[in-house]
Amino acid sequence: RLYYSFQDKDNLYFIMDYIPGGDMMSLLIRMGVFPENMARFYIAELTCAVESVHKMGFIHRDIKPDNILIDRDGHIKLTDFGLCTGFRWTHDSKYYQSGDHPRQDSMDFSNEWGDPASCRCGDRLKPLERRAARQHQRCLAHSLVGTPNYIAPEVLL
C-alpha cells in the first residue's frame, strides 16, 4: 500500500508497507528447492492473488519470483505492476468521451470483466464490434513484455 510519495530534484520516493519476508527469488536462492507442501501453498496463494488482479480488470504481465513478496506471516503480496495492462472495455477512449460512464474509483467485483456482454458499455456495441474488441484484448494480453535483466526467451526469437 502506498502511504505517501514525494520527490527531490533527482529522485521520486514512495512510502509503502515494509514486507519483512523479502522476495520469493531470495527465498528460492536460500532454499534451493521448495518442499512440495511449501510449493503447493505458494502456488495456491499466487493463483488467488492473480485471480484477484483479474477480477479488478487487470493483467499483471510480469509474474516472477522477484515480484512476489512474502509478509511476516508467510503469505505473498504481488508487487511491480509497471507492465500491468487493463482488459476492461472501459479503457476505450470513445467510452470515456461519451461522458455517461460511472465513477472509475469504485469497483464492482460481481462484474465479469473479461466478458464484453456483461461490461457496462457492452450493450452499445454491435456483435462485430464486440468480436473485434475481443480480438484486440487477446492481442494486448499476449503482447511481448520484459525487462533487460529478465526477459522471456520467445521475445528474442
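The values are calculated or read from the model by the stated rules, or taken from the named source; none is laboratory data. Computed from a predicted model, the values in this text were never measured in an experiment. With ideal geometry, Cβ positions are generated from the backbone for all residues, glycine too; neighbour counts draw on all protein chains shown.
Does the stretch 97-106 contain at least one residue that is within 21 Å of LEU2 (Cβ to Cβ), among the polar types (S, T, N, Q), surrounded by 11 or more Cβ atoms within 10 Å (Cβ to Cβ) and at pLDDT below 80? Outline the logic, then answer.
Initial filter on the stretch 97-106 (within 21 Å of LEU2 (Cβ to Cβ)): 103-106.
Of the ones still in play, those that are also among the polar types (S, T, N, Q) are 104, 106.
Subset that is surrounded by 11 or more Cβ atoms within 10 Å (Cβ to Cβ): none.
No, that holds for no residue.
Residues in the stretch 28-39 that are within 16 Å of LYS64 (Cα to Cα) and either part of a helix (DSSP H, G or I) or touching a Lys or Arg at 6+ places or on another chain (Cβ under 6 Å) (or both): how many?
The number of residues fulfilling the criteria is 3.
Could you run through the stretch 1-19 and say how many residues are of a type outside the set (Asp, Glu), exposed (fewer than 10 other Cβ atoms within 10 Å of the Cβ) and not in a strand (DSSP E or B)?
4
Is one or more of the residues making up the stretch 74-91 more than 26 Å from ALA132 (Cα to Cα), at pLDDT 90 or above and in a helix (DSSP H, G or I)?
no
Pairs, please: C-beta under 7 Å, at least 6 apart or cross-chain, first residue within 19 Å of ILE19 (Cα to Cα) and at pLDDT below 85 and in the stretch 40-67, second in a helix (DSSP H, G or I) and not acidic (Asp, Glu)?
ILE63/VAL50
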